[in-house]
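Accompanying notes for the structure given below.
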Amino acid sequence: MSTTIYQKPDAQGYYGQFGGAYIPEMLHRNVEELRNQYKQIIGSKDFRDEYQSLLRDYVGRPTPLYHAVRLSAQFNTNIYLKREDLCHTGSHKLNNALGQILLALRLGKKRIIAETGAGQHGVATATVCALKGIECIVYMGEKDIQRQAPNVARMKMLGATVIPATSGSKTLKDATNEAIRDWINNPNDTHYIIGSVVGPHPYPDMVASFQSVISEEIRKQLKEKTGSELPTHVFACVGGGSNAAGTFYHFTEEGSVKLVAVEAAGHGVDSGMSAATTRLGKPGVLHGSKSLVMQTEDGQVVEPHSISAGLDYPGIGPMHANLFTSGRGTFLSATDEEAVRAAFNLTQQEGIIPALESSHALAGLHQVSFKKDDVVVLCLSGRGDKDMATYMQAMGL
Amino acid sequence: MSRIQELFKKKNKQVLNVYVTAGYPQLNSTVTIMQALQNSGADLIELGMPYSDPLADGPVIQASSTIALQNGMTIRKLFEQLKDMRSSVQLPVILMGYMNPILQYGFEKFCADAAAMGVDGLILPDLPEFEFENEYGPIIKKYKLDFIFLVTPETTPERVKRLDALSTGFLYAVSSSSTTGKDQNMGGVSAYLQRLQAMELKNPVLVGFGIKDKASFDAASEFANGAIIGTAFIRALDGATDVSAATEQFIRSVK
Ligand SMILES: Cc1ncc(COP(=O)(O)O)c(C=O)c1O
C-alpha cells in the first residue's frame, strides 16, 4: 500500500505545515468528541450500510462519468465529465451533508447548524435535515441572501431557519463565523456541518472522506470506459475545496495523474476583486486551521470577489494549501468573464448548463495544452439552475 | 516574579481585570483609558487587539473591533501607542488577540516588541495547547511573558490541570461555554467555580464572560480570585465623548 502523504493529515490534523485545530477552548469538547469518534463511526457497518444505500437511492449515485465528445473535439483530447450536477439538490454538496447528518445522529445531536455561500450547502443540509426530521439552522451572509434568492426559498421550503450574517463583510466568511459562534453557545445538542474541506481538524479530513466517493467512482468508471483507472489529468474548481478534494482523493499518491485546481480570479488576480487564494494568500489561520489566507499586511482577512458565490471565500482547505506549496497540485485561476464564457460553451456543445463554480474548472481547460491521447476528467460539481439570473444578464435578457 | 504574579501575591481577592479593545472608541483612546483604569482602581488591564474574524467574541466586542479597525488600529500602531506606557501606567498589562495578525507581524518579533514595551502577558484564545507546547510556548517564555489559558465548565478536570500547569499569571475561567457578552446564571457559575477551587490549582483564577456590574462581580469573586469585565465596559464607552470620565464612572460603579 502506498503512503498517503497528500491524501490524509497526520494525527494532529496537519497536511505538511497546514491544518491543525486553532480553536478557542469553548469549542474544544465538541471538536475533540468528533475527533475521537468520527473514524470509528464512519467505519462502522451500520453507518456504511445506511450511507451507501442513501447515496444510491436518495442522492442518485453513482453519478455518470460522461465522455463529452464535442467538448473533447474542441480541445483535441478526451474529456470526461464527472456529473455531480446530477446529484439530488444539484451539486456534490449533498455527499458531505448526508454523511455528516448520519454521523451527528449517531453522536446523539438534536440540532444541525451550517454556513452557506451560494446556498448549495445550505440546501443540501436543509434537505437531509428534512429527510431525518431534525432541526436545521443555516447562517448565510446578508449579501448572499440577496444574490441567491432561489436557494434561500428552497431552504425555507425545506423547513430550515435561515439567519442572515450581518457582521463583517456579510458573506460566506462571516456566515462561517456566526455558525461557529452558535456552536460555542450551544455546546451540547448541536452539530456543525461545515460545507467544505476547511475548519479545524478533523473537518478537512472528514469532509474529504465523504467527498472521496467522487474519485472512487471515477476510477471504476474510467476502467470500464478506457481500460485504465488512471486519467492523465483531473480538474476541479476550488472554493474551500471539497469537490476538488473528492476528485483528487484517490489520485493524490498517483504521481502520473496531474491534479489541476482552478480558483476564481474574479475581475483578474491583480484587480483587487479576486478570490484566487493561492495567488494572493499568505500562510495564516482562518476558521480554525492554518492554511493560505487572503489578508492585509496587518493580518486582517480581506473580502474576496467572485461572480460565483460558492468560490467567494478568502481561504482554501489545508489539504490544498499543501498540494499547492509542495507542487503536487497545479493551481490555475479563471476570471468571472472566462467562467461565464465556459458555461455558455458547455451549454451549447453538450447541452449541459453548469454551475458558475464548475464553469471555472471548464475555463481552466484553456490554460493547459493536452495531447491527443490524454484522458482528462473534470468534476462538474453542480448545475446552473441557481445561476440563471447571472446567465440571463450575460444574454441581455 | 512577573508583574502579574506580584499583583496576586499582594491581592488575591476581588481582583478586577478590565478588557478594552485597543483603538476603541477612538484610535488614540487606548492609553487614556489605561490611565483612567489605573486611577479608578482596576487591578489589571487586558487590551484586545482588533481582528476581522474574532471567533470567541460576541457581537458587542466584535463591533468594537470593527470600529477599531476602521479607526486604523493595527499591532504596529498599538505598539507605537504603548511605547511610553510604563511612564504612566504601573498596572499589569495583558494583550488579548487572535493568531492570524500576530503570525503576519511575526510571532517572535511580536513577543519581543511586547516585552520591550512592558507588556506582561498574553491571552490568545485560538492558540491551542499542542501548538503552544511544540512551537510558540518556548518563544513566549523566552521573552518572559505570562501566558493565560482559558477553561470552561466543559473542560475535563484532567485538562484543567494540564492547562493550569501550562499557564502562568492566572487561569481564565470562562463562566460558561459561550462567546463574550452573554448573560450568565450566577448560581451555575458558583458551583463550577467551587469545583475549580477544590482542585487546588497552581494559578489564581479570574472569571470572565457575563460579568457586568457590582452584583455579578461580587458573585463571581466569591469563589475565585477576581473577575474580568469586557462587554459591559465596551458598552459604557459607546458614544462617550470623555473616555476618562466614562471609564472612571464605570469602574467606580463596579467596585
Ligand atoms: C456547484 C458548486 N461547486 C463548487 C463549490 C465550491 O465549494 P468547494 O470548493 O468546497 O467544492 C460550490 C459551493 O457552493 C458549489 O455550489
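Derivation of every value follows stated rules applied to the coordinates shown; laboratory data play no part. This one's a predicted model, so the numbers in the text were calculated from it and none came from an experiment. Ideal geometry is used to build each Cβ from the backbone, glycine not excepted, and the neighbour counts take in all protein chains shown.
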Review point. Could you give the distance between the Cα centres of segment A:128-147 and segment A:63-119, to the whole Å?
Key: 17 Å
Check your understanding: By residue number, which cysteines of chain A lack any other Cys whose Cβ falls under 4.7 Å from their Cβ?
Key -> A:Cys87, A:Cys237, A:Cys379
Check your understanding: With the dipole of the protein assembly as shown worked out from charges on the C-beta (+1 for Lys and Arg, -1 for Asp and Glu) around the Cα centre, which of A:Leu107, A:Pro24, B:Ile4 lies farthest toward the positive end?
Key -> A:Leu107
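What ranking, highest mean first, results for peptides A:260-269, B:70-79, A:133-142 when packing means the other Cβ atoms within 10 Å averaged over each residue? Don't skip to the answer; put the middle values down first.
Numbers: A:260-269: 24.5, B:70-79: 18.0, A:133-142: 21.3.
The most tightly packed comes first, giving A:260-269, A:133-142, B:70-79.
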Study note, to complete from the structure: Over all Cα pairs of the protein assembly as shown, the Kirkwood radius sets Rh, and Rg/Rh then becomes 1.00
Exercise for review: Per DSSP H run of at least 4 residues, take -39500 (n - 2.57); add these up for chain A, divide by its residues and hand me the 222 nm value, nearest 500 deg cm²/dmol.
Suggested key: -12000 deg cm²/dmol
Practice item. Describe numerically, in nm with one decimal, the distance between label points set 7 Å from Cα along Cα→Cβ at A:Arg70 and at B:Gln197. Key: 7.9 nm
Exercise for review: Round to the nearest 0.05 the FRET efficiency obtained for B:Lys11 and A:Asp385 when R0 = 56 Å and r is the Cβ-Cβ distance.
Suggested key: 0.30
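Going highest first, how would you order A:310-316, A:226-232, A:108-114, A:386-392 by mean Cβ packing within 10 Å?
Numbers: A:310-316: 29.4, A:226-232: 15.4, A:108-114: 20.1, A:386-392: 17.9.
My ranking of the peptides, most packed first, is A:310-316, A:108-114, A:386-392, A:226-232.
Which length gain, in nm to one decimal place, applies between A:Lys132 and A:Tyr58 when the Cα-Cα distance is subtracted from 0.36 nm times their residue separation? All intermediate terms of the calculation are to be shown ahead of the outcome.
On the way: separation 74, 0.36 × 74 = 26.64 nm, distance 1.24 nm.
Computed gain between A:Lys132 and A:Tyr58 is 25.4 nm.
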Review point. If we sort A:16-23, A:116-123 on the protection proxy, mean other Cβ atoms within 10 Å, highest first, what's the order?
Key: A:116-123, A:16-23
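Which entries in A:Lys82/A:Lys223; A:Lys8/A:Lys223; A:Lys223/A:Lys258; A:Lys110/A:Lys290; A:Lys173/A:Lys290; B:Lys10/B:Lys202 show an alpha-carbon gap greater than 20 Å? Spell out each step's value before the answer.
Details: A:Lys82/A:Lys223 14 Å; A:Lys8/A:Lys223 24 Å; A:Lys223/A:Lys258 18 Å; A:Lys110/A:Lys290 30 Å; A:Lys173/A:Lys290 15 Å; B:Lys10/B:Lys202 16 Å.
Table pairs above 20 Å Cα-Cα are A:Lys8/A:Lys223; A:Lys110/A:Lys290.
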Exercise for review: Using +1 at the Cβ of each Lys and Arg and -1 at the Cβ of each Asp and Glu in segment A:149-200, identify which of A:Thr171, A:Asn151, A:Pro200 lies farthest towards the dipole's positive end.
Suggested key: A:Asn151
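How large is the Rg to Rh ratio of chain B when both quantities use alpha carbon positions and Rh follows Kirkwood?
Numbers: Rg = 16.7 Å, Rh = 18.0 Å.
With Rg and the Kirkwood Rh in hand, the quotient comes to 0.93.
Given charges of +1 on the Cβ of Lys and Arg and -1 on the Cβ of Asp and Glu, with all other atoms neutral, how large is the dipole of the protein assembly as shown about its Cα centre, in debye to the nearest 20? Mind showing how you got there, number by number?
Details: 62 positive and 67 negative charges, 125 e Å.
Dipole about the Cα centre, nearest 20: 600 debye.
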